Amino acid sequence: MALKEGTPAPDFCLPDQNGNLHSPKLYRGKKIILYFYPRDNTPGCTKQACGFRERYSLFQELQTVILGVSRDSTASHLRFQEKLALPFPLLSDPELTVHRAYEVLQPKKTAQGTKEGTVRSAFLIDENGILLKALSGVKATDNPGEMLELLKAASL
């Protein structure tokens, strides 16, 4: 990843599952976990989202906002969010603008050739919009706990 820790995180504005707009600037004064996942309703993405849901109160105690991002539509996100009772927003980036800004796309081989795919990634952004940690190729089941540990270490 070319994004450098200690530099300002790329800004953006994306809609969530309810059509509400979210931007890192809205959360100044709180830390943000911004995680990118390939698709709603897939096994790995479900495990990752549920892991963040199960630890949600711990993230709240640490004044941290969780934002999940994928290329799925807001309607798909709403179904996924309701099905799993997720207490945090899922942001829709169908144009992949924010995916590109955070450098989470890479070529993936398919039966039809090669297409851009999302690399499961997570970012920890501080209260002032500075990128504290950038993790690429994270494991769906491990990432929520890993982010919680990073957050606790950053809060010391």
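Each reported figure results from applying straightforward, stated rules to the coordinates on display, with no laboratory input. Only a predicted model underlies this, so the values are computations on that prediction, with no experimental measurement involved. Neighbour counts are summed over all protein chains in view; Cβ atoms, including those assigned to glycine, are modelled from backbone coordinates with ideal geometry.
Miscellaneous remarks
- Point-to-point label distance, Ala153-Thr114, nm (Cα→Cβ direction, 7 Å offset): 3.4
- Calculated over segment 3-85, the projected area of the Cα convex hull averaged across directions stands at 5.9 nm².
- Greater than 29 Å apart at Cα, pairs in Lys30/Lys115; Lys4/Lys83; Lys108/Lys152; Lys108/Lys133; Lys115/Lys139: Lys30/Lys115; Lys4/Lys83; Lys108/Lys152
- Principal axis extents of the Cα atoms in segment 14-154, from largest to smallest and rounded to whole angstrom, are 46, 28, 27.
- Order of Thr110, Thr42 - criterion: other Cβ atoms within 10 Å of each residue's Cβ, fewest first: Thr110, Thr42
- Signed unit charges on C-beta, dipole axis of the chain, positive-most listed residue Leu14, Gln63, Pro43: Pro43
- Fewest-first sequence of Tyr35, Tyr27 by Cβ atoms within 10 Å of each Cβ: Tyr27, Tyr35
- Fluctuation leader among Pro15, Pro107, Pro89 - the chain, Gaussian network, Cα springs under 10 angstrom: Pro107
- 222 nm mean residue ellipticity, helices alone, for the chain (DSSP H n ≥ 4; -39,500 (n - 2.57); rounded to 500): -8500 deg cm²/dmol
- All Cα-Cα distances of segment 71-156, cut into 10 Å bins from zero to the largest, leave 14, 36, 40, 9, 1 percent in each bin in turn.
- A Cβ-based charge dipole, computed about the Cα centre of the chain with Lys and Arg at +1 and Asp and Glu at -1, lands at about 280 debye.
- The relative contact order of the chain, computed from alpha carbon pairs under 8 Å that lie at least 6 residues apart in sequence, is 33 percent.
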